[in-house]
Amino acid sequence: MAKKNTVSLKTAQKWIKEWRDLESSYNKYHRIKAFNIPLIDLQEVLKEKGIANVRAYLGVAKFENHDTNPPEFLYEEKLLIVGVDKNNKDMISVIKAPDGLTDGEGDDIYDLTSPCPDLCDPESPLND
């Protein structure tokens, strides 16, 4: 059975780099508060053989909005999780790609893409 909500290492690296490049000014203009994490994603990462912990990475995907003239960029926050082994190493498949970037099988980096806002609990005291 194929795992749900996974992304390739190349995509994860791009999103994480985009987040780190934008983070200092990004948070001045965007209101990310939290992420809603699908239970299936946690269950699948916890089932990985040899897992001792889980690590989360922040990223941001950049999209071009062609409904505006000129096109503007839209951003969606990403929370990515990976299994971590007993030696504190990320449990991701890595191979060398022709363009020099590393990439894996695309089934061990989980994309937990339900940022708040929009998927929020408006009554939560943590959502002030």
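Scanning the stretch 65-87 for residues that are surrounded by 11 or more Cβ atoms within 10 Å (Cβ to Cβ) and either in a helix (DSSP H, G or I) or of a type in the set (D, E, K, R) (or both) gives GLU72, GLU76, GLU77, LYS78, ASP85. Only a single criterion out of (1) of a type outside the set (Asp, Glu); (2) more than 17 Å from LYS3 (Cβ to Cβ); (3) modelled with pLDDT under 90 is not satisfied by ILE37, namely (2).
Can you spot a residue in the stretch 108-122 that is farther than 19 Å from LYS3 by Cα, of a type in the set (Ser, Thr, Tyr), at pLDDT 75 or above and in a strand (DSSP E or B)? Checked against the condition, which is being farther than 19 Å from LYS3 by Cα, of a type in the set (Ser, Thr, Tyr), at pLDDT 75 or above and in a strand (DSSP E or B), the stretch 108-122 yields no hits at all. Taking first residues from the stretch 70-93 that are closer than 17 Å to LYS47 by Cα and free of Cβ contacts under 8 Å to residues at least 60 places away in the same chain and partners that are of a type in the set (Phe, Trp, Tyr) and part of a strand (DSSP E or B), the Cβ contacts under 6 Å between residues at least 6 apart in sequence or on separate chains come to ILE81/TYR110. Of the residues making up the stretch 34-57, those that are loosely packed, with under 12 Cβ neighbours inside 10 Å and either in a loop (DSSP other than H, G, I, E, B) or out of contact with any strand residue (DSSP E or B) (no Cβ under 8 Å at 6 or more places or on another chain) (or both) are LEU39, GLN43, LYS47, LYS49, GLY50.
Here LEU126 meets each of (1) over 15 Å from ALA12 (Cα atoms); (2) modelled with pLDDT under 85; (3) in a loop (DSSP other than H, G, I, E, B) with one exception, condition (3).
The values are calculated or read from the model by the stated rules, or taken from the named source; none is laboratory data. Values in this document were obtained by computation on a predicted structure and should not be read as measured data. Cβ: placed from backbone, ideal geometry, glycine included. Neighbour counts: every protein chain shown.
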